[in-house]
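The values are calculated or read from the model by the stated rules, or taken from the named source; none is laboratory data. Since this is a predicted model, take the numbers as computed values, not measurements. Every residue, glycine as well, gets a Cβ built from its backbone with ideal geometry; the counts of neighbours run over all protein chains shown.
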Amino acid sequence: MPSKPDKLTAVPERIEADLTELSRIRDPDSNGWTRTVFSEPYQASRAWMRTRMTNAGLDVHPDSAGNLVGVLPGRNPAARPLVTGSHTDTVRGGGRFDGIVGVLGALEVVRQLIENDIQLERDLLVIDFLGEESNGFGLSCLGSRALAGELSAADLDRKDHRGTRLGDRYADFGLDPSDVLAACSGWATARRPHRYVELHIEQGPLLEERNVPIGVVTAIAGIERMLATFTGRPDHAGTMPMADRRDALVAAAEAVLTVRQQGCDAPVHGVATTSRLVSEPGSPNVVPGVVRMQAEMRSVDPGWLSAAQLRLAEEIKLKAEACGVGVDIEWSTDNECRPASPAVHETISSTADAMGIAWEPVPSGATHDAVHIARLCPMGMIFVPSRGGRSHCPEEWSDLNHIATGIQLLGRTLVELDGAP
Ligand code: HGY
Ligand code: MN
Ligand code: MN
């Protein structure tokens, strides 16, 4: 069969047609492309995706965690399956490629396998994972997290800013919360995946800067999220002398710059971002009494990440004290740092070499469903370049020829992994 996998290519016109059609399904009232988890546009896009998966030749069924799972049967149904996929939900005001390239790319691989009459030894599962993007419940990768047994009953009690429970949102979406938690059972035993490979856009500038069409991911960054509550003293903004104020927003502003400096000082891959400040009471004539601040830090170096958390907390507290403001800091881990499997990394890169495709090893500052599926089996990721390194914005763009190259490499890698012991 060695000759046949060489025929696995990718038809750019089909990929472009799928990308264009899916990008028409979005929230009309939001700029860019918005299909947030559980939303109407997301429901509509999932119905569209289910049809596309079926038309591509997959046996499709939503699993109990809300993932769309398409199966291309292999010669040996008892063998542990190959798995690929990604997500089709977006951030608010996002782009057309983040996650989507991995799901639609996998469909093109399926079409290529069928058209070239290549039946793998193993079942190939193509998954559109539920809700990869971070959401109002502060929990990303809902579908892959559930499959990996990392979604807990306590998580279902998380509430968004409107007070809605995550468990209730699952129920509104037609999923039984207890079945969501049970989704991992089948995966941990007999049907444990053999290998997982995800195709994704890089969402950063490295590949474009180095003029390389393919990135082979070395590790996925760990993410630590911080909620800091600054408690000062509300006072009349017209009468309280500056030196006597306990201005919670001034302390928070100092903290925003401290967060930024931690990222700028990182000797390894490390980044730090403040994304939200909520100041109360928010009236122009009242010195802010309470401020809530949302921030996160990421790194592929767990040692740097935990040390930076400690440094950050200390500096924020010291600077808040100097303002006469108290501060309470809560941390939550969105995901641990996860290295890619060296064996899968080797298969991807040697397959790229055999195809004459230039590639570079790259860390992933973005998280992906792969970080959770890596708990079930050896994982690898393939990146294609992002124009200007932009993502999570309407300007997000990847060239069709790069996407086609990534799909070709994904297909050939899956054939190689199919035979891997
Ligand atoms: O946050 C991330 O890195 C991913 O886009 N959800
Ligand atoms: Mn993504
Ligand atoms: Mn994303």
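One line per residue, one yes/no per condition, for (1) at pLDDT 95 or above; (2) of a type in the set (Asp, Glu); (3) surrounded by 15 or more Cβ atoms within 10 Å (Cβ to Cβ):
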| position | (1), (2), (3) |
| --- | --- |
| GLU13 | no, yes, no |
| ALA47 | yes, no, no |
| VAL83 | yes, no, yes |
| HIS87 | yes, no, yes |
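Among the residues making up segment 272-303, those that are among the hydrophobic types (A, V, I, L, M, F, W, C), assigned to a strand (DSSP E or B) and under 22 Å from the mean Cα position of the chain (by Cα) are ALA272, ALA295, MET297. The residues listed here are ALA307, ALA358, ALA343; of these, the one that is modelled with pLDDT of 95 or more, surrounded by fewer than 15 Cβ atoms within 10 Å (Cβ to Cβ), over 21 Å from GLU416 (Cα atoms) and more than 16 Å from ligand 1 (Cβ to nearest atom) is ALA307.
For segment 253-269, the set of residues classified as in contact (Cβ under 8 Å) with a residue 40 or more places away in the chain and assigned to a helix (DSSP H, G or I) consists of GLU254, ALA255, THR258, VAL259, GLN262, listed by residue number.
Going through (1) assigned to a strand (DSSP E or B); (2) crowded, with 21+ Cβ neighbours inside 10 Å one by one, TYR170 falls short only on (1).
For segment 93-130, the set of residues classified as over 22 Å from ARG80 (Cβ atoms), away from ligand 3 (no atom under 11 Å from the Cβ), touching a Gly at 6+ places or on another chain (Cβ under 6 Å) and not in a helix (DSSP H, G or I) consists of GLY93, LEU130, listed by residue number.
When you go through GLU121, GLU115, GLU202, GLU108 one by one, which is the residue that is within 22 Å of VAL362 (Cα to Cα) and either within 14 Å of ligand 2 (Cβ to nearest atom) or not polar (S, T, N, Q) (or both)? Among GLU121, GLU115, GLU202, GLU108, only GLU202 is within 22 Å of VAL362 (Cα to Cα) and either within 14 Å of ligand 2 (Cβ to nearest atom) or not polar (S, T, N, Q) (or both). Go through segment 399-421 and give me each residue that's touching a Lys or Arg at 6+ places or on another chain (Cβ under 7 Å) and modelled with pLDDT of 95 or more. Across segment 399-421, the qualifying residues are LEU417, ASP418. Applying a threshold of 7 Å to beta carbon distances and a minimum spacing of six or more residues, or different chains, the list of pairs starting in segment 355-380 at a residue that is at positive phi and in the same structural domain as ASN401 (by TED's automatic domain parsing) and ending at one that is in a loop (DSSP other than H, G, I, E, B) and within 16 Å of ligand 3 (Cβ to nearest atom) is empty. Checking each residue of segment 196-210 against the condition of being part of a helix (DSSP H, G or I), among the small types (Gly, Ala, Ser) and modelled with pLDDT of 95 or more gives no match. Only residues that are in contact with a Ser or Thr (Cβ under 8 Å, 6 or more places away or on another chain) and assigned to a strand (DSSP E or B) were counted across segment 50-92, and they come to 2. Cβ-Cβ contacts under 7 Å between residues 6 or more apart (or on different chains), taken from a first residue in segment 8-22 that is closer than 17 Å to MET53 by Cβ to a second residue that is aromatic (Phe, Trp, Tyr) and in a helix (DSSP H, G or I), are listed as LEU22/TRP48.
Taking the listed residues SER144, SER152, SER185, the one that is closer than 23 Å to VAL83 by Cα, under 20 Å from the mean Cα position of the chain (by Cα) and of a type in the set (Ser, Thr, Tyr) is SER144, with no other qualifying. Annotation: of all residues in segment 227-252 being without any contact (Cβ under 8 Å) to a residue 24 or more places away in the chain and part of a helix (DSSP H, G or I), the one that is surrounded by the most Cβ atoms within 10 Å (Cβ to Cβ) is ASP244.
Across segment 366-395, what is the total count of residues that are assigned to a helix (DSSP H, G or I) and within 13 Å of ligand 1 (Cβ to nearest atom)?
3
In segment 86-103, the residues that are farther than 14 Å from THR36 by Cβ and in contact (Cβ under 8 Å) with a residue 40 or more places away in the chain reach residues that are aromatic (Phe, Trp, Tyr) and within 12 Å of ligand 1 (Cβ to nearest atom) with C-beta atoms within less than 8 angstrom, at least six apart or across chains, in these pairs: SER86/PHE129.
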